[in-house]
Amino acid sequence: MNSTKKSLFTGSQGQNYLFPFILVTSLFFLWGFAHALLDVLNAHFQEILQISKARSALVQFALYGGYFVMGIPAGLIIKKYGYKKGIVFGLIVFAIGAFLFYPATLIKTFFPFLIALFVIACGLTCLETAANPYTTVLGPAESGARRINLAQSFNGLGWILGPLVGGMLIFSDEGDPFAALATPYIGIGIVVLLIAALFIRTPLPQISAEDSSQSEVTQTQAKSRYRDLLKHPLFIFAVIAQFFYVAGQTGIGSFFINYVIEVRPDISHLQASQILAFGGMGMFMGGRILGSYIMKFFNPKKLLAIYATMNILLMAVVVMSLGMTSVVCLFASYFFMSIMYPTIFAIGINGLKENTEKGSSLIVMAVAGGALIPMLMGRIADIYSMATGFLIPLVCFIVILLFGLSKLKN
């Protein structure tokens with residue numbers, strides 16, 4: 001056979017993995033959409049439940065707390081049952097959480113919605129744990145990085161459509177404001193179940209959760225590897241930086257709509273959600289695509305430091321509350337946030353060698369920043385103003401700047 005004719009989605013035995021790749025790529029879109037929809041929920045719950053901004057941040061606490069709780073169990077499930085079953089399990093749990101929104105709209109209190117979001121997060125954790133390695137085997141090994149980048153571009157599309165579709169369905173409904181919440185989530189649940197059915201019926205490469213050479217690692221050796229990570233100062237700083245990045249990014253998204261309607265009272269909730277979709281998330285997706293190209297010419301740490309500096313300056317203008325100028329700076333910050341998560345991740349695990357897998361799992365668990373910091377930001381906003389609350393992301397970007405400027409090595 002002529003191997004030179006292999007496409008991006010051709011297996012070693014000539015299998016065509018284009019359709020399986022499309023299915024896996026749909027997972028990237030789904031979790032981008034689910035995350036972005038939270039930013040609409042945050043403002044909507046404040047309005048219909050008359051709760052404070054600090055309490056509405058429990059939306060993020062439920063989701064990112066689910067990631068933190070489910071992180072290790074998701075890895076164990078995939079290790080025991082394989083990636084395909086892990087994905088199907090994650091999709092089913094995701095769908096259950098989405099359908100739980102319907103009884104929550106009947107109860108009409110905050111806590112049932114938080115339970116539904118926590119269940120969704122547990123499903124998403126399984127999907128995110130499995131999707132990246134799956135993309136690497138759906139074609140020639142040498143083109144694995146290209147497939148991952150292609151799949152992640154659809155994550156950005158989900159971030160754009162989440163606030164756009166959510167805003168249209170939730171803020172445009174003039175009837176029961178609780179019933180308006182059921183429509184998008186029931187739709188999501190149905191789509192997720194259809195994708196799960198397709199995964200069940202579609203042949204996928206049989207890959208194990210870990211290389212066979214690692215399967216004999218004893219519990220003592222595993223604990224030793226975790227202790228070994230303490231010998232890598234750059235990795236430790238990466239975990240801290242990732243915590244603050246997710247905290248800052250989640251805080252900005254959580255209160256984007258609140259900020260816009262505070263500094264520009266003439267803008268409605270629906271219009272603010274559209275600004276978030278096209279302005280913020282559009283800049284985020286564009287920044288991710290452009291950033292991956294710019295890194296051909298710039299050292300990743302230096303580029304990270306430059307982007308962090310830009311976001312510090314943008315957040316300073318946001319805090320000044322200068323009307324539309326500050327709104328433009330707010331959604332421009334998404335462009336400079338776009339490369340931060342993957343860049344911090346890549347820098348942090350570089351040089352860990354046999355500890356790479358353990359280090360990766362700990363950096364992923366740093367998303368707990370998204371569970372905790374937005375509540376502090378909301379509390380500041382309740383006491384002072386929404387603009388003052390954006391001092392928190394400013395501080396987060398200072399930490400990321402220090403990480404980018406650090407001379408530490410692994």
Among the residues of segment 336-344, are any touching a residue at least 24 places away in the same chain (Cβ under 8 Å), among the aromatic types (Phe, Trp, Tyr) and under 19 Å from ARG55 (Cα atoms)? no
Just to verify a result, which residue in segment 331-340, among those that are in a helix (DSSP H, G or I) and either surrounded by fewer than 18 Cβ atoms within 10 Å (Cβ to Cβ) or of a type in the set (A, V, I, L, M) (or both), is farthest from the chain's Cα centre (by Cα)? ALA332
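Let's see how each residue does on (1) touching a helix residue (DSSP H, G or I) at 6+ places or on another chain (Cβ under 8 Å); (2) within 18 Å of ILE398 (Cα to Cα); (3) surrounded by 19 or more Cβ atoms within 10 Å (Cβ to Cβ):
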{"position": "GLY287", "(1), (2), (3)": "yes, no, yes"}
{"position": "LYS296", "(1), (2), (3)": "no, no, no"}
{"position": "TYR307", "(1), (2), (3)": "yes, yes, yes"}
{"position": "LEU313", "(1), (2), (3)": "no, yes, no"}
{"position": "ALA346", "(1), (2), (3)": "yes, no, no"}
{"position": "LYS353", "(1), (2), (3)": "no, no, no"}
{"position": "GLY369", "(1), (2), (3)": "yes, yes, yes"}
Determine whether LEU270 is among the aliphatic types (A, V, I, L, M) and either within 20 Å of TRP159 (Cβ to Cβ) or not assigned by TED's automatic domain parsing to the domain that holds ASN350 (or both). yes
Pick from segment 351-410 the residues that are part of a helix (DSSP H, G or I) and hydroxyl-bearing (Ser, Thr, Tyr): which of them is modelled with the lowest pLDDT? THR356
Please specify each residue of segment 247-283 satisfying the condition of being of a type in the set (A, V, I, L, M, F, W, C) and within 19 Å of LEU391 (Cα to Cα). ALA247, ILE252, PHE255, PHE256, ILE257, VAL260, ILE261, VAL263
Exactly one of PHE101, PHE111, PHE45, PHE21 is outside the structural domain of ALA277 (by TED's automatic domain parsing) and either surrounded by fewer than 17 Cβ atoms within 10 Å (Cβ to Cβ) or under 15 Å from the mean Cα position of the chain (by Cα) (or both), and that residue is PHE111
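The values are calculated or read from the model by the stated rules, or taken from the named source; none is laboratory data. On a predicted model such as this, the values are computed, not experimentally measured, just so you know. Positions of Cβ are generated from backbone atoms using ideal geometry, with glycine treated the same way; all protein chains shown enter the neighbour counts.
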